[in-house]
Amino acid sequence: MERDIDRVLISAEEIARTVDRLGAEITRDYAGREPYLVGILRGAVVFLSDLVRRIPLPLTMDFMAISSYGASRRSSGIVKIIQDLSANINGRDVIIVEDIVDTGLTVNYLKELLEVRGPRSLATCTLLNKLSRRKVPVKVEYIGIEVPDEFVVGYGLDYGERYRNLKEICVLKEAVYTDE
Ligand code: 5GP
């Protein structure tokens, strides 16, 4: 894996500081409530598992799997539900937890899908944000770090299912893609 990395964009320390901040913001905003955190598989798993340990409130963790880019680096804009939530979110304070918001299509779709199920509130938390690539405007209440228009991997984010276990957010060498 190491030899595929061009450079580290965000260090493990900066990620940890960011997760601390997001956890504190959510803890403050949801005090006295019991948030229902929805991690989007598989990219958000690493982030969600660190995030929940910074929220000392009673909470529920659930997951949703949606179609990903596969081994490609660009969004098709088509989102398909592969695995739905395990419980009814009617009346719950739901927080969608994403690894990265890029075009905004995925979060936009998920918000519409979950809104009709009658949650008491619906918010979104993302570790990374690529504002420069937005195709649809989408409100994201909790944003970790703004990243440039580059394809990133690590800390849950993959390329062809690899690199999710890197501790940092990294940019891969161009050769990794051209060797496809
Ligand atoms: P959107 O629908 O906002 O374009 O894309 C959201 C999803 O695309 C993310 O959850 C993630 O799976 C994938 N994605 C977008 N940008 C990147 C990136 O730079 N690296 C990786 N690994 N996945 C990305």
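The values are calculated or read from the model by the stated rules, or taken from the named source; none is laboratory data. On a predicted model such as this, the values are computed, not experimentally measured, just so you know. All Cβ positions, even for glycine, are placed from backbone atoms using ideal geometry, and neighbour counts span all protein chains on display. The protein model used for the area step is the full one, side chains on, heavy atoms only, and it has no ligands, DNA or RNA in it. Shrake-Rupley method; radii C 1.70, N 1.55, O 1.52, S 1.80 Å.
Of all DSSP-defined beta bridges confined to region 72-180, some 25% are antiparallel rather than parallel. Computed on region 1-64, with alpha-carbon pairs under 8 angstrom and 6+ residues apart, the relative contact order is 40 percent.
Can you give me the relative contact order of the chain as a percent, contacts being Cα pairs under 8 Å and 6 or more apart?
Numbers: 339 pairs, mean separation 46.8, N = 180.
Relative contact order comes out at 26 percent.
With contributions of -39500 (n - 2.57) from each DSSP H run of at least four residues, the per-residue ellipticity at 222 nm computed over the chain stands at -7000 deg cm²/dmol.
Average accessible surface for the chain: 50 Å² per residue, computed with a 1.4 Å probe over protein heavy atoms with every protein chain in place. Would you work out what percent of the accessible area of the chain, with all protein chains in place, is carbon or sulfur (probe 1.4 Å)? Ligands and nucleic acids excluded, carbon and sulfur give 50 percent.
Can you give the local net charge around residue 1? Use residues other than it whose beta-carbon is closer than 15 angstrom to its beta-carbon, Lys and Arg +1, Asp and Glu -1. So the environment of residue 1 carries a net charge of -1.
Remark: for residue pairs 139/173; 139/167; 130/173; 80/130; 80/139, the C-alpha separation exceeds 26 Å in 139/173; 139/167. Between residue 44 and 99, the built amide H atoms are under 5 Å apart, and every one of these is 5 or more places off in sequence or on another chain. When Rg and the Kirkwood Rh are both derived from Cα coordinates, the Rg/Rh ratio for the chain amounts to 0.96.
Taking the square root of 5 times each eigenvalue of the Cα gyration tensor, what semi-axes in Å does the equivalent ellipsoid of region 1-63 have, largest first? Before the final figure, lay out each step's value.
Numbers: eigenvalues 146, 43, 9 Å².
In descending order, the three semi-axes are 27, 15, 7 Å.
Within straight cross-link reach of residue 135, meaning Cα distance under 16 Å, which lysines are found once same-chain residues fewer than 8 apart are removed? Of all the lysines, those that pass the test against residue 135 - Cα under 16 Å, at least 8 places apart if same chain - are 111.
Please compute the contact order of region 94-160 in relative form: average sequence separation of alpha-carbon pairs under 8 Å and at least six residues apart, divided by the residue count, as a percent. Intermediate results must be reported in sequence, preceding the final value.
Numbers: 98 pairs, mean separation 23.8, N = 67.
Computed value for region 94-160: 36 percent relative contact order.
Placing +1 on the Cβ of every Lys and Arg and -1 on the Cβ of every Asp and Glu, with no other charges, gives region 1-135 a dipole of roughly 340 debye about its Cα centre.
Residue 11 sits among other residues whose Cβ lies under 9 Å from its own Cβ, and their net charge, with Lys and Arg +1 and Asp and Glu -1, is -2.
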